Amino acid sequence: MEIPAEIDVSAGDAFAQQFYRGPSTAPYGRFSTLGSDRFGDPLLGFHQRINQIEQFLLERRFWATDYPREIAALGEALTRLSEQVLCSVLRHVGIPEQDWARATGGCSRSEGAYHLTFNHYRPAHEDIGLSSHKDDGYLTILRTTSPGLEVARGDHWEVVPADPDCFVINFGLAMEILTSACDTPVAAIMHRVARQREDRSSYGHFASSGCLPGQDQGIYRYVQGAGLERVCGSRELIDENDYEIYAGTEAPNASARTTGKGDRE
Ligand SMILES: O=C(O)CCC(=O)C(=O)O
Ligand SMILES: [Fe+2]
């Protein structure tokens, strides 16, 4: 979708190009020194991951305190956009409005769980950029200015054009499950990032159902006539998807499994 005029993506672009460089790169390079121990959650902060990717990510509860003000503001603007897109999809698939909040773990009113994640692909690593996967939440808003992203269409990979005026919107597994019994189900898209030979940066806003221990919002399917049916816990979906995430990159429907890495959000 076209980037709304009121959303300023430039600070996010700068953050994505700097966070991994170290404290000598001002203002955002210092974020490579903030590890998960600072946030008390092994998933958050700076990580060098498998494939070419390294990331800095925070859950919304840390944005105001730990992201620079302009990055936190960007995260909040993306949360509002995510709510708008999500609600238009819920309307389109015919889920009654009174069920929206429970159906989306609060995302229909900006009360879900959100991650703002910055990615850098390291050209020195001889590997795929990022292995094929489906995002686990309802909706992902992706900002990417360089090519590399590919989506599975039938039995082939299709290149997604990198348009600096557009966000890429992906639907994830929670959305696929929610709408699976609707007349117009929304599929989660399998995607990957091709091997990068130059530095590549991107960032994404992920909207999902809350999964904090004791506050798991759950994953539901909407069935006409019967209403919302609970399918599993939000945490269970994430854990199962982490197992699948690096399942293979040869073909969109590759069935070979590797061991779960379990550390992507
Ligand atoms: O960098 C990209 O273009 C895609 C990143 C992605 O798929 C993810 O972070 O889940
Ligand atoms: Fe993704």
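The values are calculated or read from the model by the stated rules, or taken from the named source; none is laboratory data. Computed from a predicted model, the values in this text were never measured in an experiment. Cβ atoms come from the backbone with ideal geometry, glycine included; neighbour counts cover every protein chain shown. Accessible surface is based on the protein model in full, side chains and every heavy atom, while ligands, DNA and RNA are left aside. Shrake-Rupley method; radii C 1.70, N 1.55, O 1.52, S 1.80 Å.
With (1) over 19 Å from GLY137 (Cα atoms); (2) surrounded by 12 or more Cβ atoms within 10 Å (Cβ to Cβ) as the list, and ALA181 as the residue in question, which single condition is left unmet?
With respect to (1) over 19 Å from GLY137 (Cα atoms); (2) surrounded by 12 or more Cβ atoms within 10 Å (Cβ to Cβ), ALA181 is out only on (1).
Give region 133-152 a look and list any residue that's of a type outside the set (Phe, Trp, Tyr) and more than 7 Å from ligand 1 (Cβ to nearest atom), or say none.
LYS134, ASP136, GLY137, LEU139, ILE141, ARG143, THR145, SER146, PRO147, GLU150, VAL151, ALA152
For region 100-109, give me each residue that is in contact with a strand residue (DSSP E or B) (Cβ under 9 Å, 6 or more places away or on another chain) and surrounded by fewer than 22 Cβ atoms within 10 Å (Cβ to Cβ).
Once the filter is applied, which keeps residues that are in contact with a strand residue (DSSP E or B) (Cβ under 9 Å, 6 or more places away or on another chain) and surrounded by fewer than 22 Cβ atoms within 10 Å (Cβ to Cβ), region 100-109 yields ARG102, GLY106.
For a quick check of your reading of the model, give me the residue pairs whose first member lies in region 92-113 and is on the phi > 0 side of the Ramachandran plot, whose second is outside any loop (DSSP other than H, G, I, E, B), with beta-carbon atoms closer than 6 Å and at least 6 apart or on different chains.
If the second residue must be outside any loop (DSSP other than H, G, I, E, B), the pairs left are SER110/THR79; SER110/GLU83.
Being closer than 24 Å to VAL193 by Cβ, touching a Pro at 6+ places or on another chain (Cβ under 7 Å) and aliphatic (A, V, I, L, M), is that true of even one residue in region 74-96?
Checking region 74-96: at least one residue is closer than 24 Å to VAL193 by Cβ, touching a Pro at 6+ places or on another chain (Cβ under 7 Å) and aliphatic (A, V, I, L, M).
Test GLU97 against the stated conditions and say whether it is open to solvent by 30 Å² or more (accessible area, probe 1.4 Å) and either within 10 Å of ligand 1 (Cβ to nearest atom) or at pLDDT below 95 (or both).
Taking the combined requirement at face value, the residue does not satisfy it.
Tell me the residue from ALA162, ALA174 that is out of contact with any Cys (no Cβ under 6 Å at 6 or more places or on another chain) and in a loop (DSSP other than H, G, I, E, B), please.
Testing whether each residue is out of contact with any Cys (no Cβ under 6 Å at 6 or more places or on another chain) and in a loop (DSSP other than H, G, I, E, B) leaves just ALA162.
Quick one: in region 13-67, of everything that is open to solvent by 40 Å² or more (accessible area, probe 1.4 Å) and of a type in the set (A, V, I, L, M, F, W, C), which residue is farthest from the chain's Cα centre (by Cα)?
Looking at residues that are open to solvent by 40 Å² or more (accessible area, probe 1.4 Å) and of a type in the set (A, V, I, L, M, F, W, C), I get ALA26.
Mind listing just one residue for me: the one in region 191-211 that is crowded, with 20+ Cβ neighbours inside 10 Å and more than 9 Å from ligand 1 (Cβ to nearest atom) and, of those, nearest to LEU228 (Cα to Cα)?
It comes out as SER209.
Could you please find all residues in region 141-159 being open to solvent by 30 Å² or more (accessible area, probe 1.4 Å) and assigned to a loop (DSSP other than H, G, I, E, B)?
Those that are open to solvent by 30 Å² or more (accessible area, probe 1.4 Å) and assigned to a loop (DSSP other than H, G, I, E, B): THR145, SER146, PRO147, GLY154, ASP155.
More than 16 Å from ligand 2 (Cβ to nearest atom), within 20 Å of GLY12 (Cα to Cα) and not aliphatic (A, V, I, L, M) - does that describe any residue in region 112-131?
Scanning region 112-131, I find at least one residue that is more than 16 Å from ligand 2 (Cβ to nearest atom), within 20 Å of GLY12 (Cα to Cα) and not aliphatic (A, V, I, L, M), so the answer is yes.
Quick one: count up the residues across region 212-226 that are of a type outside the set (Phe, Trp, Tyr) and surrounded by 15 or more Cβ atoms within 10 Å (Cβ to Cβ).
Summing the residues that are of a type outside the set (Phe, Trp, Tyr) and surrounded by 15 or more Cβ atoms within 10 Å (Cβ to Cβ) in region 212-226 gives 5.
Restricting attention to region 109-126, which residues are in a loop (DSSP other than H, G, I, E, B) and under 15 Å from the mean Cα position of the chain (by Cα)? Steps first, please.
We begin by selecting, within region 109-126, every residue in a loop (DSSP other than H, G, I, E, B); these are 110-112, 122-126.
Of everything in region 109-126, just one residue is in a loop (DSSP other than H, G, I, E, B) and under 15 Å from the mean Cα position of the chain (by Cα), namely GLY112.
Return yes or no: is ALA5 closer than 19 Å to ALA72 by Cα and either open to solvent by 30 Å² or more (accessible area, probe 1.4 Å) or not small (Gly, Ala, Ser) (or both)? Walk me through it before giving the result.
On the way: closer than 19 Å to ALA72 by Cα: yes; either open to solvent by 30 Å² or more (accessible area, probe 1.4 Å) or not small (Gly, Ala, Ser) (or both): yes.
Here the answer is yes, as ALA5 does meet what is asked.
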